[in-house]
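Some notes on the structure that comes next.
The values are calculated or read from the model by the stated rules, or taken from the named source; none is laboratory data. Please read these numbers as outputs of a predicted model, since none were measured by experiment. Heads up, the Cβs are rebuilt from the backbone with ideal geometry, glycines too, and the neighbour counts pull from every protein chain shown. Heads up: the accessible areas ignore ligands, DNA and RNA and are worked out on the full protein's heavy atoms, side chains in. Shrake-Rupley method; radii C 1.70, N 1.55, O 1.52, S 1.80 Å.
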Amino acid sequence: MEMKQVSDNCFAVLIEKNRVCDANSGLINLAGGVVIDTQSDLAHARQMIEMFSKVWPAMPRRVINTHEDADHVWGNQLFEGAEIIAHRSVPERMKHVAEPKESQKMLHGVGRLLTRLVLKTLHPGIVAAGQQLLEDYNFDGIELVLPTTLFDTRYELNLDGTEVHLIYVGPCHQVGDTIIHVPKERVVFAGDVLFRQCTPMGWTGSYEKWFQCLDLMIQLDPEVIVPGHGPLCGIEGAMEMKAYLQYVRDESKKCFDNGLPSLEAAKRIEFGPYGEWRAPARLYMNVERAYREFRNEPPDAPWDTAGTFDAIYQVAKAKGVEVEF
Ligand SMILES: [Zn+2]
């Protein structure tokens, strides 16, 4: 984990490994401070607080959650008494997708030899993902703390004269997707609308919405974008992700028209230049999402998590790349 100053008053904490759960956080160091996203577990949240505390005068009074996923909200409880801001959908969604008990149980199971051996035959992807997570994470002690200030399309903060715009852009990666724009400092905190140098994972939403959001970020013309995952970038980061999503959707369409199932398609579609990104086999999720759209399924059709991790595992094996999530 490292901290970077991205403008006069904006900072980022970045996790270099850039695998699943390695989410970035932001800080706008004005008017008592605003923290953007709170990490995946308490140890990482404490480390983030310690890094930011080198530049802030005191614990911030405000937190923004860019969306409902666990890796962006599981440190909320350490910001006692803070106002937590998010899109209106986020509290209910968090109860579904970021309930810590299931994940705690999963990691404990994978950590036990016997359970791991039994589970491995049923769900090799879950075991591999769990083992990867155990290298860095411990979900014990996490309690859900829900956002308290909710908004619909836009929310504006005025921090000592500096405007901060929260813009709702979902659902493209998740239902609650929000980007945070600081026009005066030409900074955008993108949350998981932008994955940088790692393969995007989208859960709820449509390709069209995602393209619109990436176009909006480009139009805002920031000097720095802090992605939800991966290193800092400029608008070229948004352009590259758009090109990736377009490529995957086009290739998926050809496979769909040829009657291939989505898993087969993900095994056949070339990674191309995107094979350099972390966890390229997460391609499966983007193919499956495209297939759902081709079949006119609703954007919020639920995912079978175990099946999804198993599919990513199978794609990595078929392609002969490292199994990575
Ligand atoms: Zn994330």
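Extent of the chain along its three principal axes (Cα atoms, max minus min coordinate, largest first): 57, 46, 32 Å.
The string of couplings for the stretch 126-140 from the Karplus curve (6.51, -1.76, 1.60, θ = phi - 60°) is 5, 5, 5, 5, x, 5, 5, 5, 4, 5, 10, 10, 9, 8, 5 Hz, one whole number per residue in order, with x for Gly and Pro. Accessible area per residue (1.4 Å probe, heavy atoms of protein chains only) ranks LYS267, LYS254, LYS17 as LYS254, LYS17, LYS267, with the largest value leading. Angle of helix 113-122 to the longest C-alpha principal axis of the chain, folded into 0 to 90 degrees and rounded to 10: 60°. Over all pairs of different C-alpha atoms, the stretch 181-325 has a mean inverse distance whose reciprocal, the Kirkwood radius, equals 15.7 Å. Peptide packing: for 184-196, 297-309, the average count of neighbouring Cβ atoms within 10 Å per residue gives the ranking 184-196, 297-309, highest mean first.
In terms of overall dimensions, the stretch 39-109 has a Cα radius of gyration and Dmax of 13.1, 41 angstrom.
For the stretch 197-221 versus the stretch 48-62, the spacing of their alpha-carbon centroids is 30 Å. Apply the a/c threshold of 1.5 to the C-alpha gyration tensor of the stretch 115-154 and tell me whether it is rounded, prolate or oblate. Cα axes put the stretch 115-154 in the prolate bin. Rolling a 1.4 angstrom probe over the chain with all protein chains present gives an accessible area of which 50% lies on carbon and sulfur atoms.
For the chain, the longest principal axis of the Cα atoms and the long axis of helix 283-294 meet at an angle of about 80 degrees.
Among VAL63, ASN138, TYR207, whose Cα projects farthest towards the positive end of the dipole of the chain, with charges put on the beta-carbon of Lys, Arg (+1) and Asp, Glu (-1)? Going by the Cα projections, it comes out as ASN138.
Check the straight Cα-Cα distances from LYS319 and name the lysines below 18 Å, setting aside those fewer than 8 residues away within the same chain. Output for LYS319: LYS267.
Charge tally for LYS17 (other residues, Cβ to Cβ under 11 Å; Lys, Arg +1; Asp, Glu -1): -3. For LYS4, give me every one of the lysines with a C-alpha distance below 19 angstrom, ignoring sequence neighbours fewer than eight places off in its own chain. Answer for LYS4, where 19 Å is the Cα cut-off: LYS17, LYS54, LYS184, listed by chain and number. Using only helices, what value at 222 nm comes out for the chain when you add -39,500 (n - 2.57) per DSSP H run of length 4 or more and divide by the total residues, to the nearest 500 deg cm²/dmol? Result for the chain, helices only: -12000 deg cm²/dmol. Amide H contacts for VAL226 (H built 1.01 Å from N in the peptide plane; partners 5 or more residues away or on another chain; cut-off under 5 Å): VAL188, PHE189, ALA190.
Between GLN104 and THR121, the simple label model (points 7 Å from Cα in the Cβ direction) yields a spacing of 3.1 nm. Taken as Cα centroids, the stretch 126-166 and the stretch 252-325 sit 26 Å apart, rounded to the nearest whole angstrom. The Cα atoms of the stretch 1-123 define a convex hull whose projected area, averaged across directions, is 8.8 nm². Heavy atoms of the protein chains alone define the surface here; on that basis the chain has 41 Å² accessible area per residue at 1.4 Å probe size.
Quick one: helix 100-111 against the long Cα principal axis of the chain, what's the angle to the nearest 10°, folded into 0 to 90? Once rounded, one gets 50 degrees.
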